[in-house]
Amino acid sequence: MNEYNNVSVCNITFYKFDDDGNELLNEDGTIKEFDLKSTRFKPLEYLCEDLDADDLEEIKENDNE
């Protein structure tokens, strides 16, 4: 039986905002999201280093309704 004790990130996006906290928006008013360019970004490599599998809570399909 597998024990799933390791944790990693599934996806991560970023957004931009100005000094007043106003987000950069798409034409439809939603927040414009960004991905990292294909580059190595060291701080993200350690994002889950101290995260324990017991710290996670499963997302159920009906949680978003």
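All of the numbers you see were taken from the coordinates with simple rules; none came from a lab. From a predicted model like this one, the values you see are computed outputs, not experimental measurements. When we count neighbours, we look across all protein chains shown, and the Cβ atoms used for this are built from the backbone with ideal geometry, even at glycine.
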Give the residues of the range 1-17 that are of a type in the set (A, V, I, L, M, F, W, C), loosely packed, with under 10 Cβ neighbours inside 10 Å and free of Cβ contacts under 8 Å to residues at least 12 places away in the same chain, sorted by residue number. Met1, Cys10
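Residue-wise test of (1) exposed (fewer than 10 other Cβ atoms within 10 Å of the Cβ); (2) under 16 Å from the mean Cα position of the chain (by Cα); (3) assigned to a loop (DSSP other than H, G, I, E, B).
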residue	(1), (2), (3)
Asp19	yes, no, yes
Gly29	yes, no, yes
Leu36	no, yes, yes
Thr39	yes, no, yes
Pro43	yes, yes, no
Glu49	yes, yes, yes
Asp54	yes, no, no
Glu58	yes, yes, yes
Asn62	yes, no, no
